[in-house]
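Presented below is the structure to which this report refers.
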Amino acid sequence: MAKAKPIIGLDIHAPTEVNARIIAKTRLAELYIWERYVDDPYYVHKLHNLRIAAKRLRYTLEIFADVLPPTIAPFLKEVAQIQEELGALHDTDVMIALLRLCLGAQDGGSGYEYALAHARKAQKKSDFVINPDIVASLLDPRTVPSTTERRGLESLLLDLHQQRNEHYSTFRQHWYSLQTEDFRNMVLSAIDAEP
Amino acid sequence: MQNQETTIQAAIDIGSNTIHIVVARCSPTSLEILHDEQEMVRIGESVTANGEISAQKIDETISLLSHYKTLAVHYTSALPLIIATEAIRKARNNQQFLAAIHSATNLHVHIIDGTVEALLTFYGATYELYQEPSPPSQVAVLDLGGGSMELVTASNKQVTWHTSVPLGSGWLHDRYLQSDPPSQEDLEVAHTFLDTYLAGLRLKQHPFPILIATGGSANSLLLLARQALNLSEQETRLTYKQIVRCEYLLRNHSAEEISQRYAQPLKRARILPAGALIIHALMANLLLGEIRISTHGIREGALLAYAHYGDYWLQHLQKNAQSSPEKIDNLSQDEQQETFTQSGARLLLERTRKMLEWRSDVLKHKDIEAVHKMRVASRRLRAVLDAYEAACDPKRFKKVYRQVKEIADILGNARDTDVMMANLQQQLTQAPEASQLALQWLIERLSAYRQTHQKELEAFLQAIDEDAFVQQIVACLLEGETRHGKS
């Protein structure tokens, strides 16, 4: 997960309202850092960062709702919806990654070892979507799935891919509808409006 | 001080625990203390027991006041200003007490009300602070006496709110903590009483960014901490943790041991556990990471008021006290325009509490939504921390941020698994038979992991000391008002 950007230009002695606007603008800019990955459905990690940035913007607008102009409210709803759409996409990505590791591990001991090692190594770099302890639990050689179960898992994986496409499509459509309305500048104007 | 018009004056305060005299060279804004002496008479003890001041306490008081009068005459021809507080206010025979003093010593004692007491305490406890080059604009004062506790908040030297609460160290000791050292059972009862009482006062709606504590208990606690915890002689601040450590000492040693080991008067050592408990409970209630201790208080306030207003000092103070409702209204306007640091303190407290509210539900493990709610609350808290990083001490910020992240991560692992299982359960109802077996296998595996993780999660959450955690979060904010320039 990308770290929140430090906020530049705050005056801790100024009224909260002044600083809240600076923070909200920083979080909005942070959201748009990830915009270039919107068109590529397989930038799983970048889309996850976009989701986190949306979440940070949403929380910032909520935290400072009392001091920011009330005209922000409809934009806050849109940001929350984008976050939820990306959340559904992320949940599916987690399941897909898990099933892939799980099925791959059944190919042999070396595959299992590789998947586990990769998952644990990747977790340290924070660029992997699955908790390695879950992976370890699923890849326990004492509880391998039967052939029937394995076929079912393959089928589930296909279904999940289909669901992922739908989630991605919903998100992308929403994102572009917002950009058509010049969402970024509208939010900026709302942040700067008179309270 | 040398260039100002000054006068030498003595002030005596007859409190529930002590009778205390200060003689000082006074100007309206500063004091040069020439003599400071106190004796524990514990008038409040007899008032709590019988509702009136016993004959023995009256005699002791007269004897002590006679001595103080002689002492004052040594410095000045003016008669000392004498004020009496909660125990005397409450005593049924207070007029008889005043008459006996006047008859024996020719001294006149003023019984002041709680509001005037709060104002005098504020003047006395803060005059040194306001002589600093950049005094903080927001200050609060606590005067913990034997029979009452005064709380005052001020903005730019103007009192914005004050209250007097009939709850003091001597009173708490006499009512709840008479065993020596106090028993665990008694401490728990007293603690419950204090928590409930303080919650009812709704103190949190008033700003307490910097709290200056004064009074015998606060000063004795500082002396104890300096010796027992090896603090420097110049240290005038006590952290929440240091107070907890002092309490631990007081709980495990008799008053005599405390008196001998740490050079505390025995009478003071007896009531110190109660004083420490009140300060602890108040800090927890207000979520304060530390307090400053001042040796000055009501007596110094009386001397300053006298230097400022002359013979009509008490009438002026009573008039000031009556104007308080307007000032309380002004406070709410101030709050609407709170500074960034003030809003940071408020938001961090709110969000920390919100997150911790879910802890017991997560531990019950009955509703998976509790994990979700606590995780979301942890993320909102992180968002507040991110927003206020510039107003925080970097080292403390890093520490608390890491702690909040750890909480979010461990909850995240639980939540992600819950979501996966819920999604799979949903698919199970619609899946063909072959897929159902696979889904069940997967749900079982995830469920096994989740059970193991729940134990880890519970151990982690149970290890969190809520009070200490809240204190750490609050303490990471810099004292914004004492820091200047842009961050």
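Laboratory data are not the source of any read-out in this text; all were calculated from the coordinates shown. The model shown is predicted, which means the values in this text are computed figures rather than measured ones. Backbone-built Cβ (ideal geometry, glycine too); neighbour counts: all protein chains shown.
Quick look at the numbers
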{"item": "Relative pair counts by distance (%), Cα atoms of the range B:99-152, 5 Å bins", "result": "4, 16, 20, 15, 14, 13, 7, 5, 3, 1"}
{"item": "Estimated FRET transfer efficiency when R0 is 22 angstrom, pair residue B:234-residue B:157 (beta carbons, to 0.05)", "result": "0.30"}
{"item": "Cα centroid separation, the range B:406-460 to the range B:121-141 (Å)", "result": "57 Å"}
{"item": "Dipole of chain B, positive direction: furthest Cα of B:266, B:181, B:425, with charges on the beta-carbon", "result": "B:425"}
{"item": "Neighbour count of at most 16 Cβ within 10 Å plus DSSP loop: longest chymotrypsin sites (Phe, Trp or Tyr not before Pro)-free window in chain A", "result": "A:44-195"}
{"item": "Degrees between helix B:94-105 axis and first principal axis of chain B (Cα, 0 to 90, nearest 10)", "result": "40 degrees"}
{"item": "Trypsin sites (Lys or Arg not before Pro) lying in DSSP loop within the range A:129-168, provided at most 14 other Cβ fall within 10 Å", "result": "none"}
{"item": "Contact order relative to length of chain A, as percent, for alpha carbon pairs under 8 angstrom and 6 or more apart", "result": "26 percent"}
{"item": "Chain B: Rg to Rh, with Rh as the Kirkwood radius over Cα pairs", "result": "1.08"}
{"item": "Kirkwood Rh, Cα atoms: Rg over Rh of the range B:187-309", "result": "0.99"}
{"item": "Principal-axis tilt of helix A:44-63 within chain A, Cα atoms, nearest 10 degrees", "result": "40 degrees"}
{"item": "The range B:177-220-the range B:149-172 distance, computed between alpha-carbon centres (Å)", "result": "13 Å"}
{"item": "FRET efficiency for residue A:136 and residue B:186, using Cβ-Cβ distance with R0 set to 56 Å, rounded to 0.05", "result": "0.65"}
{"item": "Equivalent ellipsoid semi-axes - Cα gyration tensor, the range A:139-195, angstrom", "result": "47, 15, 5"}
{"item": "Residues A:143, A:180 arranged by fewest to most Cβ contacts within 10 Å", "result": "A:180, A:143"}
{"item": "Measure of compaction for the range A:61-106 (Cα Rg per 2.2 N^0.38 Å)", "result": "1.89"}
{"item": "Label-point gap, in nm, between residue B:66 and residue B:266 - each point 7 angstrom along Cα→Cβ", "result": "2.5 nm"}
{"item": "Restricting the range A:133-187 to GluC sites (Glu not before Pro) in coil, as DSSP defines it, with at most 16 other Cβ within 10 Å", "result": "A:181"}
{"item": "Per principal axis, descending, Cα span of chain A in whole Å", "result": "65, 34, 25"}
{"item": "Dipole in debye (nearest 20) - the range B:367-487, about Cα centre, beta carbon charges: Lys, Arg +1; Asp, Glu -1", "result": "500 debye"}
{"item": "Angstrom value of the Kirkwood radius, inverse mean 1/r, which spans all Cα pairs in the protein assembly as shown", "result": "29.1 Å"}
{"item": "Additional length obtainable on full extension of the chain from residue B:436 to residue B:308, 0.36 nm per residue less Cα span", "result": "37.4 nm"}
{"item": "Stokes-Einstein diffusion coefficient of the range B:412-470, Kirkwood radius over Cα pairs, 20 °C, 1.002 mPa s, in µm²/s", "result": "164 µm²/s"}
{"item": "Degrees separating the helix B:433-462 axis from the principal Cα axis of chain B, which is the longest one", "result": "20 degrees"}
